[in-house]
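In what follows, a single structure is set out as structure tokens and then discussed.
The values are calculated or read from the model by the stated rules, or taken from the named source; none is laboratory data. All of these numbers come straight from a predicted model, not from anything done at the bench. What goes into the accessible areas is simple: the full protein's heavy atoms, side chains included, and nothing from ligands, DNA or RNA. Shrake-Rupley method; radii C 1.70, N 1.55, O 1.52, S 1.80 Å.
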Amino acid sequence: MSSHKSQRRRGAAQISGNPKFWGRHAVTAVLENPERRIIKVWGTREALAHVDLPQGVPFQFCEGSDLARFVPRDTPHQGIVAEVAPLEDVWLSDILGAHEDDDRPILILDQVTDPHNVGAIFRSAAAFDAIAVVTQDRHAPPESGVLAKSASGALEIVPWVRVVNLARALEEIAEHNYWRIGLSGHADTTLDKALAPRRNALVLGAEGEGMRANIEDHCDQLAKLPISEQMESLNVSNAAAIALYADAALRQSKAD
């Protein structure tokens, strides 16, 4: 069984400076994650009274108006902001090797670049207990406040595997006995019929362009969501949530 050393986890993307996260859910999840290095926390007295700051973490009381300089304009920061270091990298092979007997799905995103969508996908991945989210390193957003706020804490829960070559990552995923299903509007089969009894890898492409041809070629099957003809497609984060729910429902039916 091969191990592609180019396959990496979240934190691999190079960004200038350290990201700042804001909002109660995102910052609370950061504070509860032992793998996350926290550089500094700013907050109102009211907001900081409701969080458990780890010993030694620098913090500063601020007025809400002062916190506004850390976030995009008109963004609700909920009285708390944290500057953090990106999470450490880990090999895809480590993630796969740690879950050899695990039926939970893996989610693969092909050049989905909008941080709001990626954050929302992480939230769904955490809600439906996915093993990891896999993206291509160069065509995915870095960790950011916008992404973390949209993820509502899930960025600290679900491993983010950032890889150099997505096609090679799909090959490695297949070697670990995952059935790779690409979601595509031009597929003939619906997702409920394509899901394997165990170990599904769900692949989604960017809005508009969809999956690249090479990524489709690395899927075992293409499938579509059975949506009404009144709508051409769904937002990618909505499609991911539905696909993850369908996989979770299948696993639950087997357990029952």
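One table, with the values for the structure above:
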| quantity | calculated |
| --- | --- |
| Angle in degrees between helix 236-255 and the longest Cα principal axis of the chain, rounded to the nearest 10 | 70 |
| DSSP-defined antiparallel bridges as percent of all bridges, the chain, nearest 5 | 30 |
| Protein-only accessible surface order, largest first, of Leu250, Leu170 at 1.4 Å | Leu250, Leu170 |
| Degrees separating the helix 166-175 axis from the principal Cα axis of the chain, which is the longest one | 60 |
| Carbon and sulfur %, accessible surface of the chain computed with the full protein complex present, 1.4 Å | 47 |
| The stretch 14-76: radius of gyration over Cα atoms, expressed as a fraction of 2.2 N^0.38 Å | 1.12 |
| Kirkwood estimate for the stretch 136-187, i.e. one over the average of 1/r between Cα atoms, Å | 13.3 |
| Dimensionless Rg ratio for the stretch 40-151, taking C-alpha atoms and the 2.2 N^0.38 Å reference | 1.29 |
| Percent of Cα-Cα distances greater than 26 Å, calculated over the chain | 41 |
| Ranking by accessible area, most exposed first, for Asp101, Asp220 with a 1.4 Å probe | Asp101, Asp220 |
| Solvent-accessible area per residue, Å², over the chain with all protein chains present [probe radius 1.4 Å] | 49 |
| Per-q log10 I(q)/I(0), the stretch 79-210, q = 0.13 Å⁻¹ (Debye; single scatterer per alpha-carbon; no solvent) | -0.54 |
| Proximal lysines relative to Lys20, as straight alpha-carbon distance under 26 Å, when same-chain residues fewer than 8 apart are discounted | Lys40, Lys149 |
